[in-house]
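First the structure, in the form of structure tokens, and then the observations on it.
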Amino acid sequence: MSALAHEPEDVILRDGTTLRLRPPLASDADALLDFMSRLSDRSRYLRFHGFPQLAPKLVTPFLDPDWDERGALIGCFEGRVVALSNYARLRDRRAAEVAFTVEDEWQGRGIATRMLERLVATAAEVGIEEFVAEVLPENRNMLVVFRDAGFDMVRELDGGELEIRFPIAPTEHYREQVAARNHVAVTASLKGFFQPASVAVIGASSRRGSIGGELFRNVLSADFSGSAYPVNRGGDPVAGVHGYTKVGDIPDHVELAVVCLPGEHVNAAVQEALEAGVRAVCVISAGFAEIGAEGRIRQEQLIALIREHGARLVGPNCLGIASAAVNLNATFAPRAFPTGNIGFSSQSGALGLAVLERAEASGLGLSAFISIGNKADVSSNDLLEWWEDDPTTEIVMLYLESFGNPRAFARIARRVARTKPILAVKGGTTRAGIKAASSHTAALAGSDTAVDALFRQAGVIRTRTLDELIEVASLLAAQPVPRGKRVALLTNAGGLGILAADAAEAAGLELPTPNEATRRALAEVMPPEGSTANPVDMLGSANAKTFRAVLPIVLADPGIDAVIALFVPTVGIDEDEVGAAISASAAEAGDKTVLCAFMSAKGAPASLRSVAPVPAFSYPEAAVRALARAAERGAWLRRPAGTIPELDVDHAAAEAVVVEALGAGDEAWLDPAQARRLLEAYGIPVVPERVVETADAAAAAATELGFPVVVKSAAAGAHKTESGGVALNLADEAEVRAAVARVGAPVLVQPMITGGAELLAGCVQDPVFGPLVAFGPGGVLAELIGQAQFRLAPLADADAKELVRADKAGRLVAGFRGTPPADEDALVDLLLRLSRLAEDVPEVAELDLNPVLALSNRCVSVDARVKVARPPKQTRTKTW
């Protein structure tokens with residue numbers, strides 16, 4: 001039975017309103033009848049193709065759905081039913097008839113489309129493959145719903161009615177349509193936080209030093225472009241502004257309410273604000289999930305209130321919100337933030353303040369700052385949706401401690417990062433994901449591995465420290481993304497050049513020697529004792545004139561993508577003039593990246609921004625590190641986005657294997673026959689084999705398959721090499737019989753395949769991130785050698801190619817030490833099929849193909865270990 005049968009789900013509508021969906025219970029009969037009675041005659045006619053009697057029998061078929069023969073959802077707002085959807089299975093059990101009814105005043109917001117999305121997901125779980133709808137031709141609203149949903153429809157006119165049919169299997173086009181709807185809806189829902197016309201601060205005391213009072217004064221001192229109102233118990237004025245005892249007494253419509261009350265008083269105040277029409281709420285107060293069980297209950301009650309009224313929530317337990325668009329500083333930070341082009345979200349308020357201090361010192365400014373605290377509702381995913389379209393935000397910075405929906409983050413970030421850099425620091429990187437791992441794939445994975453895979457695929461620049469976060473932001477805010485990894489070092493101190501060269505090599509950057517024309521030109525403007533190699537050493541006598549002459553020559557070299565200018569002050573050299581020379585040269589650099597390490601006790605001069613902004617770093621290692629991260633972004637942008645191919649698979653056969661293996665249990669290792677059926681259902685190439693119980697049967701199987709053969713233990717889940725359960729290259733029946741006696745029946749008999757690289761491929765279900773696909777060196781040294789790479793499913797073809805070509809495994813595939821190259825296309829196809837399997841069958845907890853033999857014309861798995869387990873119950877109600 002679907003989780004929808006037990007748990008409510010929240011959807012977000014076109015206008016930014018949220019709506020709670022749940023199955024209608026027997027106790028909802030009167031509410032459903034009341035809903036039907038509020039429908040206009042036209043709406044009732046279009047839904048029922050007539051005017052049925054408003055009696056209990058009209059709503060009885062929708063109550064207590066079993067989710068097999070029939071499913072139903074109601075949409076509830078402020079305690080009343082505003083929408084109904086349902087399906088009923090047809091005689092052809094692969095199909096179900098579907099219908100929707102939406103209260104007249106709620107039509108046009110996309111409710112039916114959202115309900116269709118949820119019904120599709122539920123019906124697919126019980127084997128329904130197609131929806132059918134009978135629609136009157138004049139019911140244009142419903143026709144639009146089906147047209148825009150993203151499915152391929154077939155329409156037929158019969159007896160004055162249109163019959164709409166469409167398969168409900170989600171296609172890439174359907175997923176794109178859902179993502180587009182989410183983007184529009186989430187962006188609309190966040191406008192009240194970033195562009196409010198009015199703000200009420202609940203708990204704004206007139207007493208100096210109180211959080212609420214200081215936050216309200218921050219709103220005023222930032223010159224907020226809208227209206228601001230203090231709300232407190234006595235209705236006292238704050239900073240000369242008339243106060244109110246509750247939001248409902250404020251004569252203006254309040255768009256944003258910021259709550260600064262003791263935790264136990266928050267929910268009552270939020271309810272009053274919601275009833276007064278507020279739809280954006282920021283709770284500064286602590287005392288929620290972060291304090292334990294009591295706080296978790298209070299937070300659940302808070303989010304239930306928010307959802308009941310279709311609103312959005314930032315926090316609780318947060319620092320607040322600042323938005324340059326309306327000069328809003330609704331935080332209790334000690335001072336205002338500098339404006340700029342960076343949108344910054346921090347899960348930690350105090351740490352966010354520390355980052356902002358560093359950013360300001362580096363000359364960076366913010367388009368917005370939002371502290372999401374416990375992120376009971378608004379998350380970094382939502383903020384990315386907003387910042388994607390915000391013209392004042394050009395760079396996004398995130399401090400993350402956890403992911404609510406990492407798969408949604410990957411989809412959204414991958415899209416946003418195509419146009420705006422996303423920089424992230426992830427706290428809490430210790431291994432915590434997969435405990436008691438039993439397979440190579442699971443043993444090599446970990447929570448930080450998943451984070452790396454997520455960021456790599458999504459194009460997020462992961463920085464390991466807060467310093468690095470600011471450094472990379474400083475570079476990307478000022479200079480173009482590097483075209484490649486080829487960097488030239490220009491220095492007036494040989495030691496600095498050596499340090500920078502070492503750092504560049506360690507960071508994966510290249511230091512090409514300038515071409516002959518460049519070196520000749522350099523020799524004409526540099527002292528003879530200088531070096532025209534790379535680093536280019538201009539000696540300690542170099543002044544502004546030298547930098548102005550040399551830097552353009554280096555930048556003009558077609559083999560150079562970026563230049564780091566390294567400068568340490570020497571006697572008689574004017575630092576301001578040097579900074580101006582570097583800035584002027586950078587202005588002429590076109591699309592090449594220029595940055596510098598300016599090692600002066602006075603700090604970098606303002607002249608570095610006099611013509612073109614050139615970011616300055618205190619040490620050469622910091623400059624190299626920032627450039628390396630920027631180069632990674634450039635490589636990701638040049639990389640094709642790829643597509644998720646359609647594959648011919650037998651999902652039903654795979655599900656049958658899982659059902660058989662689990663039986664009444666929660667987890668099990670597949671036996672060889674089951675593992676083979678599972679892999680073959682998804683087209684994964686496996687070696688021919690026979691499972692036999694006796695030595696005689698093994699000898700017969702070996703003769704049938706052809707010598708030489710391999711004999712292995714057929715015990716489910718066995719590590720065959722570690723347990724001595726494998727015998728290789730058996731040349732005759734006698735050797736086979738001896739091997740069976742040693743290994744112990746039952747055994748697998750396989751033909752011996754020689755040659756090719758031994759690789760590992762597999763997948764594992766991470767409890768937070770979902771399925772991960774692994775690829776790396778295989779055989780008995782898989783864990784010792786390491787270097788397995790991971791990506792989150794679903795893999796695009798570009799992801800699979802990147803895996804196949806990466807690191808040590810890529811060297812094996814390309815042909816190592818004279819061995820012929822392996823069939824790359826076959827390996828890519830293998831990984832795509834593993835990805836699809838991991839997506840389609842979440843019960844596959846761990847899957848190990850080790851080794852996969854990568855031959856010149858194919859690849860084949862010669863050993864598979866598969867663990868299946870019932871997935872943990874998902875309690876998340878937020879569907880976007």
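Yes/no matrix, rows are residues, columns are (1) farther than 28 Å from Ala424 by Cβ; (2) among the polar types (S, T, N, Q); (3) modelled with pLDDT of 95 or more; (4) out of contact with any Phe, Trp or Tyr (no Cβ under 6 Å at 6 or more places or on another chain):
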| site | (1), (2), (3), (4) |
| --- | --- |
| Glu575 | yes, no, yes, yes |
| Ser607 | yes, yes, yes, yes |
| Ala616 | no, no, yes, no |
| Trp636 | no, no, yes, yes |
| Pro640 | no, no, no, yes |
| Ile644 | no, no, no, yes |
| Glu655 | yes, no, no, yes |
| Ala661 | yes, no, yes, yes |
Condition first: open to solvent by 30 Å² or more (accessible area, probe 1.4 Å) and touching a helix residue (DSSP H, G or I) at 6+ places or on another chain (Cβ under 6 Å). Now tell me which residues in region 481-507 satisfy that. Val481, Lys485, Leu499, Ala507
Residues of region 276-293 being closer than 22 Å to Ile370 by Cα, surrounded by 15 or more Cβ atoms within 10 Å (Cβ to Cβ) and not polar (S, T, N, Q), in sequence order, are Val278, Arg279, Ala280, Val281, Cys282, Val283, Ile284, Ala286, Gly287, Phe288, Ala289
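Listed here are the residues, each with its yes/no results for (1) in contact with a helix residue (DSSP H, G or I) (Cβ under 6 Å, 6 or more places away or on another chain); (2) surrounded by fewer than 16 Cβ atoms within 10 Å (Cβ to Cβ); (3) of a type in the set (Asp, Glu); (4) not in a helix (DSSP H, G or I).
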{"residue": "Asp223", "(1), (2), (3), (4)": "no, yes, yes, yes"}
{"residue": "Pro230", "(1), (2), (3), (4)": "yes, no, no, yes"}
{"residue": "Gly248", "(1), (2), (3), (4)": "no, yes, no, no"}
{"residue": "Val258", "(1), (2), (3), (4)": "no, no, no, yes"}
{"residue": "Leu274", "(1), (2), (3), (4)": "no, no, no, no"}
{"residue": "Glu300", "(1), (2), (3), (4)": "no, yes, yes, no"}
{"residue": "Leu305", "(1), (2), (3), (4)": "yes, no, no, no"}
{"residue": "Gly310", "(1), (2), (3), (4)": "no, no, no, yes"}
{"residue": "Pro316", "(1), (2), (3), (4)": "no, no, no, yes"}
Find all pairs meeting these conditions: Cβ atoms under 6 angstrom apart; at least six residues apart or on different chains; first residue within region 744-757 and under 18 Å from Ala695 (Cα atoms) and touching a residue at least 60 places away in the same chain (Cβ under 8 Å); second residue assigned to a loop (DSSP other than H, G, I, E, B) and among the charged types (D, E, K, R). Leu748/Glu689; Gln750/Glu689
Matching residues, region 653-695, being open to solvent by 50 Å² or more (accessible area, probe 1.4 Å), in contact with a helix residue (DSSP H, G or I) (Cβ under 9 Å, 6 or more places away or on another chain), farther than 23 Å from Pro851 by Cβ and without any contact (Cβ under 8 Å) to a residue 40 or more places away in the chain: Ala656, Glu660
Of Pro24, Pro65, the only residue that is open to solvent by less than 10 Å² (accessible area, probe 1.4 Å), at pLDDT 95 or above and more than 20 Å from Trp880 (Cβ to Cβ) is Pro24
In the list Ala734, Ala782, which residue meets the criterion of being of a type in the set (A, V, I, L, M) and modelled with pLDDT of 95 or more? Ala734
Do we find a residue being open to solvent by 20 Å² or more (accessible area, probe 1.4 Å) and modelled with pLDDT under 95 anywhere in region 458-465? yes
With touching a Pro at 6+ places or on another chain (Cβ under 9 Å) and open to solvent by 20 Å² or more (accessible area, probe 1.4 Å) as the only criterion, which of Ala72, Ala88 stands out? Ala88
Residues Ala180, Ala185, Ala133, Ala200: which one is in contact with a Gly (Cβ under 7 Å, 6 or more places away or on another chain) and not in a loop (DSSP other than H, G, I, E, B)? Ala185
Among the residues of region 181-221, which ones are of a type in the set (Val, Ile, Thr) and in contact with a helix residue (DSSP H, G or I) (Cβ under 8 Å, 6 or more places away or on another chain)? Val186, Thr187, Val199, Val201, Ile202
Pick from region 136-177 the residues that are aliphatic (A, V, I, L, M) and assigned to a helix (DSSP H, G or I): which of them is surrounded by the fewest Cβ atoms within 10 Å (Cβ to Cβ)? Val144
Residue count for region 662-698, restricted to those that are small (Gly, Ala, Ser), under 32 Å from the mean Cα position of the chain (by Cα) and part of a helix (DSSP H, G or I): 2
Is region 776-795 home to any residue that is within 18 Å of Val686 (Cβ to Cβ) and surrounded by 20 or more Cβ atoms within 10 Å (Cβ to Cβ)? yes
Val278 in a loop (DSSP other than H, G, I, E, B), in contact with a strand residue (DSSP E or B) (Cβ under 8 Å, 6 or more places away or on another chain) and aliphatic (A, V, I, L, M): yes
Looking only at residues that are of a type in the set (Val, Ile, Thr) and assigned to a helix (DSSP H, G or I) in region 509-539, which one is farthest from Ala488 (Cα to Cα)? Val525
Mind checking whether some residue in region 117-133 is more than 31 Å from the chain's Cα centre (by Cα) and not small (Gly, Ala, Ser)? yes
Sort out which residues of region 331-373 are of a type in the set (Ser, Thr, Tyr), modelled with pLDDT of 90 or more and over 14 Å from Leu469 (Cα atoms), and write them in order of number. Thr331, Thr339, Ser367, Ser371
Where the second residue is open to solvent by 10 Å² or more (accessible area, probe 1.4 Å) and not acidic (Asp, Glu) and the first is free of Cβ contacts under 8 Å to residues at least 40 places away in the same chain and assigned to a strand (DSSP E or B) and lies in region 762-778, which pairs have Cβ atoms under 7 Å and are six or more apart or on separate chains? Pro777/Ile785; Pro777/Gln787; Pro777/Lys808; Pro777/Leu812
What number of residues within region 540-568 are in contact with a strand residue (DSSP E or B) (Cβ under 9 Å, 6 or more places away or on another chain), over 18 Å from Glu516 (Cβ atoms) and either open to solvent by 40 Å² or more (accessible area, probe 1.4 Å) or part of a loop (DSSP other than H, G, I, E, B) (or both)? 3
Looking at Leu116, is it open to solvent by less than 10 Å² (accessible area, probe 1.4 Å) and either among the charged types (D, E, K, R) or assigned to a helix (DSSP H, G or I) (or both)? yes
Search result, residues across region 593-650 that are under 26 Å from the mean Cα position of the chain (by Cα) and open to solvent by 70 Å² or more (accessible area, probe 1.4 Å): Arg625, Glu632, Arg638, Pro640, Thr643, Glu646
Look at Thr101 and say whether it is among the polar types (S, T, N, Q), outside any loop (DSSP other than H, G, I, E, B) and touching a residue at least 40 places away in the same chain (Cβ under 8 Å). yes
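The values are calculated or read from the model by the stated rules, or taken from the named source; none is laboratory data. The structure displayed is predicted, hence computed values, not measured ones. As a convention, Cβ positions derive from the backbone with ideal geometry for all residues, glycine included, and neighbour counts pool all protein chains shown. In case anyone asks, the SASA skips ligands and DNA or RNA and just uses the protein heavy atoms, side chains included. Shrake-Rupley method; radii C 1.70, N 1.55, O 1.52, S 1.80 Å.
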